[in-house]
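The values are calculated or read from the model by the stated rules, or taken from the named source; none is laboratory data. Every value quoted in this text rests on a predicted model; they were computed, and no experiment measured them. Neighbour counts run over all protein chains shown; Cβ positions are idealised from the backbone, glycine included.
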Amino acid sequence: MISEAILSNRRAIIPYVTAGLPDMETTGKIIQSLAKAGAAAIEIGIPFSDPMADGPVLQQASKRAIDAGFKMEDLFEHLPGWAAQCQVPLVIMSYINPLMRHGLAPTLRRLKTSGVSGVIIPDEPADAGALFVLTQDAGLDLIRLVAPTTPAERQREIVSQCRGFVYAVAVKGVTGARTLMPPELEGNVRAIKSLTDLPVCVGFGVGSSAQVDAIMRFADGAIVGSFLMERLMQAEDPVAAAGEVMKILGAPIPEDI
Amino acid sequence: MKGYFGEFGGQYVPETLYPALVELENAMESAFNEAAFWTEFEGLMEDYVGRPSPLSLARRLSAHCGLEVWLKREDLNHTGSHKINNAIGQILLARRMGKARIIAETGAGQHGVATATVCALFGMPCAVYMGSEDMQRQRLNVERMRLLGADVVPVTTGSATLKDATSEAIRDWVTNVDTTYYLIGSAIGPHPYPTMVKRFQSIIGAEARAQILAKKGALPQAVIACVGGGSNAIGIFAGFMHDPVELIGVEAYGNGVHSGASINFGFPGVLHGACLHLLQDGDGQVLPTHSVAAGLDYPGVGPEHSFLAMSGRARYGLVDDRQALSAFALLNRLEGIAPALESAHAIAYLNIYAQDHPGACVIVNLSGRGDKDLHTVLEEGL
């Protein structure tokens, strides 16, 4: 379902939104706004107190959401409604600890029954075979990350235990918009694509329409997190701002897809 | 499984770092199998650090507690704590790997000072991440690091203590992974760090065991050490792991509300690349910690300690801020030794241990000296 949603969208943009910022009701409206504005899939971030793979913007987003009272129970309460109101697949992005707290297997099953299609875990264990089996058993796609430093042999292993799409990390470093994409990105994405039929989407550092143009020439989608969250945190009306950011990035309006 | 201690340990890191961990593990294994590596390490331990550190019988403290107390004097090492053992070992590895730049995290500043010291010794640039809260309470060590040529980077995110400094060091590493060696200061982090740090710190336990056998002709009944991340404890425990000797770690009970006592009050979770006992709430958010000892002010604990606690091979007691401060004063008065506030937790535990084991022979790992803590101790009104 995630793969199809990406492959059938002519300019697949996957926005990331931190759950509970400024509150759960607004998060729901933001998700709806992103879906209406042509998102191919939507990543919902579970805020975490110690987000070691994140740059300043997503660190701040996590902190603000936790300070505003984010609770996992609230998330589980809202997810079914969010999934029902939009036609695009929802993907949970979370550090592994919040998913482990009440047992990984039951938590993954609960995400599935709440309408989630896949999970991305930036600090998944290096030996993710067991995690992959758990997600398969739960009926969720495990979206794996391939880094610029990942050697060829490991790329092959990762894509064999990956569903939905392959998340190609554009840069060595933490999340956050950057003006330039590294020159080796295209080669890396092409190498991954030669190993799998899954769509390959690029994330970390994406923050302009021109970058999305460049990425679309060799990849199947672009993931936009910090660029979006920075604007949502500044906006007086984050719901409207979400749609505007998608427009800036050149997302196709759903009728066009 | 490799890199695990039971269910604890592992490698929970951003994918970008995974190849660096493989590279590090390979370098470590090749170095550890080479006699020349250990010859150089042991040479520096003797000539630069001043090892072996003494094992001193603390006569007046023994009489006071009703025990026979021996102190393993890591406070007498160059730079004033056990941290230098690990810093020397890892910088030798970094040099073998051809890394041009060193980064580290520090809480109390002892590991930061040790890292800045070995970087000066080997002529390598060094950045030390330190919580702004800790920079305040450990000012002396900040100045020392700067004198040694290190760039001390204040960390203001989160609680501005050791856990946040560690996260920030990892963010630097993931950004500069090709050129930079992350010199982690405790037996925490992803595999192979816990195993590597233990190997370098096990010099403490190996010496202590030989020394007690030479001086007393018998093993002690217990070995006691403070546990934050737990590198000094795992280092001394390593020498007695297969002996009929009680292994006791002492966690910081803080002010009784917030603590650093991960094994006593935490649940298994993942922080900074490993599965370990973690102080966290019902949602898996890491809880704020508190200890008067900055080096124990950490919500996790080395994964091997988690394993030793679950298996029952070691047990983990509690000492609060007040008890640690009293022990700090006591050791000054009775033995003429100012312990680090971290180590003072282990000293304070003697009173608790003595209740059920009168007259027992124990070794306490006096992991560091307390000059750095005078400021804190005076503020606390001792």
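Couple of notes before you dig in:
- Residue in the stretch B:180-192 that is without any contact (Cβ under 8 Å) to a residue 60 or more places away in the chain and either assigned to a helix (DSSP H, G or I) or surrounded by fewer than 24 Cβ atoms within 10 Å (Cβ to Cβ) (or both) present: no
- In the stretch A:35-43 there is no residue matching the filter, namely being surrounded by fewer than 23 Cβ atoms within 10 Å (Cβ to Cβ), within 14 Å of another protein chain (Cβ to nearest Cβ) and over 17 Å from residue A:204 (Cβ atoms).
- Single residue of the stretch B:1-18 satisfying the filter (surrounded by fewer than 17 Cβ atoms within 10 Å (Cβ to Cβ) and in contact (Cβ under 8 Å) with a residue 40 or more places away in the chain) that is farthest from the other protein chains (Cβ to nearest Cβ): B:6
- When each of A:151, A:252 is tested for being out of contact with any strand residue (DSSP E or B) (no Cβ under 6 Å at 6 or more places or on another chain) and more than 25 Å from residue A:38 (Cβ to Cβ), the lone residue that passes is A:151.
- Sole exception among (1) farther than 23 Å from residue B:212 by Cβ; (2) modelled with pLDDT of 95 or more for residue B:366, by number: (1)
- Among residues of the stretch A:54-69 being surrounded by fewer than 24 Cβ atoms within 10 Å (Cβ to Cβ) and touching a strand residue (DSSP E or B) at 6+ places or on another chain (Cβ under 9 Å), the one that is farthest from the other protein chains (Cβ to nearest Cβ) is A:64.
- Conditions (1) small (Gly, Ala, Ser); (2) in a loop (DSSP other than H, G, I, E, B); (3) within 16 Å of the chain's Cα centre (by Cα); number of the one not met by residue B:306: (2)
- Residue in the stretch A:146-162 that is surrounded by fewer than 23 Cβ atoms within 10 Å (Cβ to Cβ), more than 8 Å from chain B (Cβ to nearest Cβ) and under 27 Å from residue A:85 (Cβ atoms) present: no
- Restricting the stretch A:173-203 to residues that are buried (at least 20 other Cβ atoms within 10 Å of the Cβ) and in contact with a Lys or Arg (Cβ under 6 Å, 6 or more places away or on another chain), the residue that is farthest from the other protein chains (Cβ to nearest Cβ): A:200
- Test: residue B:239 is over 17 Å from residue B:353 (Cβ atoms), within 18 Å of the chain's Cα centre (by Cα) and free of Cβ contacts under 8 Å to residues at least 60 places away in the same chain: yes
- Of all residues in the stretch B:238-262 being in contact with a Gly (Cβ under 7 Å, 6 or more places away or on another chain) and in a loop (DSSP other than H, G, I, E, B), the one that is surrounded by the most Cβ atoms within 10 Å (Cβ to Cβ): B:260
- Tally, over the stretch B:19-53, of residues that are farther than 16 Å from residue B:192 by Cβ, surrounded by fewer than 19 Cβ atoms within 10 Å (Cβ to Cβ) and among the polar types (S, T, N, Q): 1
- One residue from B:284, B:273 being within 18 Å of the chain's Cα centre (by Cα), at pLDDT 95 or above and not hydroxyl-bearing (Ser, Thr, Tyr): B:273
- For the stretch B:341-382, a residue qualifies if it is under 15 Å from residue B:223 (Cβ atoms) and in a strand (DSSP E or B), and the qualifying residues are B:361, B:362, B:363, B:364, B:365, B:366.
- Residue match in the stretch A:225-232 (condition: surrounded by fewer than 23 Cβ atoms within 10 Å (Cβ to Cβ) and outside any helix (DSSP H, G or I)): no
- Any hit, the stretch A:94-110, residues being of a type in the set (D, E, K, R) and either buried (at least 24 other Cβ atoms within 10 Å of the Cβ) or at the interface with chain B (Cβ under 9 Å from one of its Cβ atoms) (or both): yes
- Flag if residue B:161 is of a type in the set (Val, Ile, Thr) and under 20 Å from residue B:280 (Cα atoms): yes
- Test result for residue B:298, crowded, with 24+ Cβ neighbours inside 10 Å and more than 8 Å from chain A (Cβ to nearest Cβ): yes
- Elements of type strands (runs of 3 or more DSSP E) in the stretch A:1-105, at least 1 residues being charged (D, E, K, R) and under 18 Å from the mean Cα position of the chain (by Cα): A:42-45
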